[in-house]
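No lab work stands behind these numbers, since they all come straight from the coordinates. Because the structure is predicted, anything quoted here is derived from the model rather than measured. Reconstructed Cβ throughout: ideal geometry from the backbone, glycine too, with neighbour counts over all protein chains shown.
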Amino acid sequence: MKKKVLWAVFVGCFFLSIVSTGRAAEVIRLKYNNFYAPTHFMGVSAGQFCDDIKKRTNGRVEISHYPGSTLTPPPRVFDGVVQGISDIGLLSAGYTRGRFPVTDAINLPLGFPSGWVASHVSNDFYEKFKPKEWDSVHPLYFFAIGPVVLSTTKKPVKTLDDFKGLKVRAVGRVADMTKLLGGIPQPLEIGDVYEALRRGVLDGTMLPLEPLKAWKTGEILKHVTASWKVGISGSLSVVMNKEKWNNLPADIKKIFEEVSAEYSEKFAVLWTQADIDGRDFLKSQGGTIISLSDAESAKWIATVQPMLEDYKKELTSKGYTEKDADGFISYVKERIDHWRKIEKERKIPTPYE
C-alpha cells in the first residue's frame, strides 16, 4: 500500500512538473500598432524594440509589429490599445484633442529647443504628475518631437505679416497657434501632406524639421522660418493594454521597464537627429532657413499667449484649478531650462544652434 501511495505521489509530481514546464515555455504573444511607415525611423526603431524584448526575454515574449496604421489609424491608437485591438501602441496625443488635457501642457508654445529636451520634459512631466487620463493603459515611456516651425513652398515668412492667409497643415493645438499667427490651419494626416503640398492645396506646414527628409516634404517646401522660440512640441508615447501588462510575470515586467528606459533616451536622440537631417536635406534641395530676430520672436511669443489662458480654462472646466494649470505650465518651463542646460553641457547637437 505504501509503495502504491509513493508511486501515486511520484506520478502526480511528474505530471505537475510537465504542466509547469509547459506553462513556463508558453510564449507571450503581443501586437504592437505603430502609425509610422515601416521605412520611417520610428517604424524601424519600434521594430528594434520588439526584437530587443524578444532577445532579453529569451524568446518568452514575441511582439508582432504592425507599422503604417495597420491595426488602427493615428487618432484611434489609444482606443485600440484600451479595447485590445492592439496590445501596445505608439500614439501622438496631438491627434486626439481633449483626450489628454493635462499632458497638453507639452503641446503649448513654451519654446522647446529640440526633440531631445522635449522628450525628457515629457517623461519628467508624466512621472511628476501621473495624470489620470493615462489610467486606462500602462504607459511604457514618453518622448516628443522637435519644435514645430513654419515651412512654406513659395513665400518666405520673415514677419507675422508674411504669415497671414497661408493655408498650413496644422492639427490640435498647433492649429490654434496657426490661427493666432494669422494662418489658416488644415488638419491633414501626415501621410497626406506631400501630395497636398505638390498640388498646391497647402502653402506650407507647421511641423518639425524631421518630415523634410523622413516624409520627403523638403522636395517641395523651400523655406523654413526658425520660429522655435515659440515652438510647440508634441507629446508621443508607447503604451500597453493594462490587462496585458497586469498579467505579465514580474521578471518580464522588469525587462519591459529596462528596455523602455533605454528606448526613451534612444527616441529622444533620434528625434533631434531627425530634425538635423531634415534641415540638411532641405538645404541640399536648395531650401533656406530664415532666422527671426529677438524682437520678431518676441512678437510671435506675445501673439500666442492666449493659448496658455485657453489651456487654463479647459482644465478648470474639467475640475482642475487655475493653480493646477499654472503649476503644470511652470513645471514644463522649469524642465525645459533644466534639460536645455544639460544639452549644452553634453554638447548634444541641435538643429538651430
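How about the range 186-257: which strands (runs of 3 or more DSSP E) wholly inside it have at least 2 residues that are polar (S, T, N, Q), under 22 Å from the mean Cα position of the chain (by Cα) and buried (at least 24 other Cβ atoms within 10 Å of the Cβ)? Give the derivation first.
Values: elements: 204-207, 223-226, 235-241.
Correct list: 235-241.
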* May I ask you to say which residue of L315, L282 is hydrophobic (A, V, I, L, M, F, W, C), farther than 24 Å from G115 by Cβ and part of a helix (DSSP H, G or I)? => L315
* Asked: Just to be sure, is S122 closer than 12 Å to S237 by Cβ, polar (S, T, N, Q), touching a residue at least 12 places away in the same chain (Cβ under 8 Å) and outside any strand (DSSP E or B)?
  -> yes
* Quick one: which residue in V81, V117 is of a type in the set (V, I, T), closer than 30 Å to Q285 by Cβ and outside any loop (DSSP other than H, G, I, E, B)? => V117
* Asked: What single numbered condition from (1) touching a helix residue (DSSP H, G or I) at 6+ places or on another chain (Cβ under 8 Å); (2) without any contact (Cβ under 8 Å) to a residue 12 or more places away in the chain; (3) surrounded by 13 or more Cβ atoms within 10 Å (Cβ to Cβ) fails to hold for G327?
  -> (1)
* Within the range 187-203, is even one residue closer than 14 Å to T225 by Cα and out of contact with any Phe, Trp or Tyr (no Cβ under 9 Å at 6 or more places or on another chain)? -> yes
* Asked: Within the range 207-251, restricting attention to residues that are small (G, A, S) and in contact with a strand residue (DSSP E or B) (Cβ under 9 Å, 6 or more places away or on another chain), which residue is farthest from S119 (Cα to Cα)?
  -> G218
* Those residues that are in contact with a Leu (Cβ under 9 Å, 6 or more places away or on another chain) and either assigned to a helix (DSSP H, G or I) or aliphatic (A, V, I, L, M) (or both), I need them from the range 50-74; list them, please. => C50, I53, V61, I63, P74
